[in-house]
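Asks: Below is one structure. I have some questions about it.
Quick note: the coordinates plus some simple rules give every number you see, no bench work behind them. Here the structure is a predicted model, which is why all the values come from computation and not from measurement. Using ideal geometry, Cβ is built from the backbone for each residue, glycine included, and neighbour counts are taken over all protein chains shown.
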Amino acid sequence: MRFTDRERAVQAAVARGLVGTAEPVAGLLDVGGIRRAVGELRAAFEEFAAPGTPVLHAFAVKAASLVPVLRLLAQEGLGCEVASPGELALARAAGVPVARTVLDSPAKTLAELREALALGITVNADNPEELARIDGLMATAPSTAPIGLRVNPQIGGGSIGAMSTATGTSKFGVALRDEGAREWVVRAVLARPWLTRLHAHVGSQGMPLELMAAGVRTLFELAEEINAKAGRRRIDTLDIGGGLPVNFSSDTATPTYREYAALLRSAVPGLFSGRYGIVTEFGRSLLAKQGLVLARVEYAKTAGGRAIAVTHAGAQVATRTVFAPESWPIRVAAYDAEGRSKTGEPVAQNVAGPCCFAGDLIAENRALPLLESGDHIALLDTGAYYFSTHFAYNSLPRPGIYGFSAAADGTVRFATIRSPQTLEELVAESGGAHGEELGGLDGQR
């Protein structure tokens, strides 16, 4: 998101009441920024891949499980990587073609597998037991859906352990370095003519690009081994996952897709030779820089000499930041009551959220212009995950989310992505229609 566009959008959102006393917190997404990010991703792979190489960029739905966003990305040529029945339903509601939909999950049910194969959705099996389930389904109802097998190259983790998917004991995929595992994978593919893809996802926030490239190289070498033993191209597509890390310390988008693609070209030259189709599953890197959470400062106070701004943006919208601030720090920008950037001498202060526990802090001892009641704060780089992983602590309603477009003349247009959750909707979601049923279990009324 460009700085000038952000400043205009914040001021316009406050002026139009998208954030105010009635709705004290909202999410904003830069539509132009999303389109630019998609263009950069596509251009990077087109630059290095041989002409005619099939490349599908499947957006990781978990990063922004919002139908209008998925539809916008589909209009830009992207597909969807889904990991649950709910995410699949969202992708279908967004009109994403089944040919551009990939199902990944370590815990797919038989019903999920049956539906995906019937629809023709690409399925990446996670483990031998799941592959055996697919054997049974293919025997009774043969499908032409592309089917792959996920492997774990076991190359190690990054700086955030909980996000590292390629450790020695990761729950994802077939652990390729375990005794006999590689040989089993080769046999499994050679025994199944319909098993034509390999999948590995080793990227994540905090993962060095060199390790990511090493994981892709392992995947490529496995495919080459299988094809050599088959005497023909049995594996025709490599799903290299996503997980490009995001710089949360400034407006700069780094690393770039081109830097990653160039590294892949150097580390795995055959990847872009045209012998294999390529699937990617980027999420955070496409949207993080394009969004912000904007919230009203309800109260300003002090405790122990520390200034504290109590806002409406806390653990319910920034769960990872609150519970793991060292791994997920975010920048906070200060705005006045009209949505204009605040000026003044920076003061060390805490920026707190509305949740009823002491650790609900977005930023601690952060130097910002002194915040006052009625001001606003923006949580920057929150376009991915922060809008789609709402934490229902204290039954705080999910905020509204709005896409915006900032024109060259300074005007800003908004479109609703998700309406603010009403209290009636919250009550219904929390079992409001079943309020009398518990009391009837023991015959008491």
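Asks: Please report the antiparallel percentage of the DSSP beta bridges confined to the chain, to the nearest 5. Can you show the working numbers first?
Replies: Working: 33 of 68 bridges.
Of those bridges, close to 50 percent are antiparallel.
Asks: Further, regarding this structure: Trypsin sites (Lys or Arg not before Pro), restricted to the stretch 310-376: which are DSSP loop and have at most 16 other Cβ atoms within 10 Å?
Replies: Details: sites: Arg320, Arg331, Arg340, Lys342, Arg366; in loops: Arg331, Arg340, Lys342.
Filter output for the stretch 310-376: Arg331, Arg340.
Asks: Sorted from largest to smallest, which semi-axis lengths in Å does the alpha carbon gyration tensor of the stretch 292-391 give for its equivalent ellipsoid, taking the root of 5 times each eigenvalue? Intermediate results must be reported in sequence, preceding the final value.
Replies: Numbers: eigenvalues 78, 46, 29 Å².
Equivalent-ellipsoid dimensions as semi-axes: 20, 15, 12 Å.
Asks: A follow-up question, please. For the stretch 218-351, report the % of Cα-Cα distances exceeding 23 Å. Walk me through the intermediate numbers first.
Replies: Working: 4918 of 8911 pairs.
Within the stretch 218-351, distances greater than 23 Å cover 55 percent of Cα pairs.
Asks: Please list 197-210, 18-31 highest first by mean number of surrounding beta-carbon atoms within 10 Å per residue.
Replies: Numbers: 197-210: 22.9, 18-31: 21.3.
Order by mean packing, descending: 197-210, 18-31.
Asks: For Lys342, list the aspartates and glutamates whose Cα falls under 20 Å from its own Cα; do not include residues on the same chain fewer than 8 positions away.
Replies: Result set, ordered by chain and number: Asp5, Glu7, Asp251, Glu298, Glu364, Glu372, Asp375, Asp381.
Asks: Still on this structure, I have one more. Using the per-residue mean of other Cβ atoms lying within 10 Å as a proxy for protection, in what order, highest first, do the peptides 357-365, 70-78 fall?
Replies: 70-78, 357-365
Asks: Which ordering of Cys80, Cys355 is given by a fewest-first count of other beta-carbon atoms within 10 Å? Let's see the in-between values first.
Replies: Details: Cys80 26, Cys355 18.
Lowest count first: Cys355, Cys80.
Asks: Could you name the lysines in cross-link range of Lys171, using Cα to Cα under 30 Å and dropping any fewer than eight places away on the same chain?
Replies: Excluding near neighbours in sequence, the set is Lys62, Lys108, Lys229, Lys289.
Asks: Limiting things to C-alpha atoms, what are the Rg and the maximum Cα-Cα separation (Dmax) for the stretch 55-180, in angstroms?
Replies: When restricted to Cα atoms, the stretch 55-180 yields Rg and Dmax of 15.3, 46 Å.
Asks: Here's another thing I want to ask about it. Calculate log10 I(q)/I(0) of the stretch 31-284 for q = 0.07, 0.08, 0.10, 0.15 Å⁻¹, where I(q) comes from the Debye formula with a single equal point scatterer on each Cα and nothing for solvent.
Replies: Treating every Cα as an identical point scatterer, log10 I(q)/I(0) equals -0.21, -0.28, -0.45, -1.09.
Asks: How do Met212, Met138 rank when sorted from fewest to most other Cβ atoms within 10 Å of their own Cβ? The partial results should precede the final answer.
Replies: Numbers: Met212 29, Met138 16.
Starting with the residue having the fewest Cβ neighbours, the order is Met138, Met212.
Asks: Using alpha carbons only, how many angstrom separate the centre of the stretch 257-289 from the centre of the stretch 313-350?
Replies: 33 Å
Asks: For every helix of n ≥ 4 consecutive DSSP H residues, a contribution of -39,500 (n - 2.57) applies; sum these over the chain, divide by its total residues, and give [θ] at 222 nm rounded to the nearest 500 deg cm²/dmol.
Replies: On the way: 12 runs with 131 residues, N = 445.
It comes out at -9000 deg cm²/dmol, rounded to the nearest 500.
Asks: How large is log10 of I(q)/I(0) for the chain at q = 0.08 Å⁻¹ when the intensity is taken from the Debye formula with one equal scatterer per alpha-carbon?
Replies: Here the Debye-derived log intensity ratios amount to -0.51.
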